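Worksheet: one structure, shown below.
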Amino acid sequence: MRKIVAELFSSLDGVVAAPDQWHGPYHNDEIERDIQAGLAAADTMLLGRRTYQEHAGFWPTESGGPADLMNDIDKVVFSATLSEVGWRNSRLATGDLAEEVARLKSRPGRDILVTGSVTLVQTLLRAGVLDELRLLVDPVVVRDGRRLFASDGDRLSCSLVGSRTYQSGTISATYAINH
C-alpha cells in the first residue's frame, strides 16, 4: 500500500507557516537535491487551497529540474472554496478527505506527497491517515507563527526512520507515524 508523506520546513521553535520569511538563508544544494528526490519518489501530491494557489502561480511557467517534477506530478487539491483548478495534472477533491485518501492509498503507485499545506497536514494527522512526517528544521527561532501541533491536540507517537544534518545547520528528521 502507498504511503502519505508530509514534508514541511520548521523553525527550532516549531513554526511551520511562512517559511519563505525565514528558510532562505539555510536552503542549499544538498537540501534541494533531497527535496527533489522526495518529489521524484512520489507520483501524487496532495495540496490545500493556499499552497495550491501559491504553487500554481509559479511552477507552470517554469521548466527543468524541480519545475518538471512539480508540473508533471498528479495533484489532488482539497478545498472548500475553489470551484476549479487549472494547473496541469490537477484535480479538485470533492468528497470526504478520509475516503479520498483511502482510495488513493489503495491504488498502485509510489508515495503520495504533501508539501506545505499545514491545515491539510493537520487534518490528515487528526484523521489518522498520515504515514510519515519529514521535518526540515532550520537553526532559527521565529517566535511568532503557526505551529504544526496545537497544545490541545491528542498525543502522537512517532518513530524516527531517518535523519540528516546539512552544512547550513538544517536537520532533516523523518518520522513514521505510529497508528
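Where a number appears in this text, it was derived from the coordinates with a stated rule and is not lab data. Since the structure is predicted, the reported quantities are computational estimates derived from the model, not experimental observations. Every residue, glycine among them, receives a Cβ derived from its backbone with ideal geometry; neighbour counts consider all protein chains shown.
Odds and ends about this structure:
- Sorted peptide list for 150-160, 113-123, 58-68, criterion being average Cβ within 10 angstrom, highest first: 113-123, 58-68, 150-160
- Label zone at Arg107, where the point sits 7 Å out along the Cα-to-Cβ direction: segment 24-65 residues whose backbone N lies under 15 Å: 42-47
- Mean residue ellipticity at 222 nm, helices only, the chain: -8000 deg cm²/dmol; runs of at least 4 DSSP H residues each add -39,500 (n - 2.57), and the sum is divided by the number of residues.
- Between the amide H of Leu148 and those of Val16, distances stay under 5 Å, these residues lying 5 or more places away or on another chain, with hydrogens modeled in the peptide plane.
- Take the Cβ atoms of Arg143 and Lys3, set R0 to 35 Å, and the FRET efficiency comes out at 0.60.
- Each residue, Gln167 and Glu32, gets one label point 7 Å from its Cα in the Cβ direction; the gap between the two is 1.2 nm.
- Ser79 long-range amide H proximity, modeled H, under 5 Å: Ala93
- Cβ-derived FRET efficiency at R0 25 Å, Arg126 paired with Ala80, nearest 0.05: 0.95
- Couplings 3J(HN,Hα) of segment 129-146, computed from phi: 10, 7, 9, 8, 10, 10, 10, 9, 9, 7, x, 9, 9, 8, 6, 10, x, 6 Hz, in residue order, whole Hz [Karplus 6.51 cos²θ - 1.76 cosθ + 1.60, θ = phi - 60°; x for Gly and Pro].
- Note that segment 57-73 has calculated 3J(HN,Hα) couplings of x, 10, 5, x, 9, 9, 8, x, x, x, 5, 5, 4, 5, 6, 8, 5 Hz, one per residue in order, obtained from phi through the Karplus relation 6.51 cos²θ - 1.76 cosθ + 1.60 (θ = phi - 60°); glycine and proline are x.
- Sorting the segments 42-53, 75-86, 163-174 by their residues' average number of neighbouring beta-carbon atoms within 10 angstrom, most packed first, yields 42-53, 163-174, 75-86.
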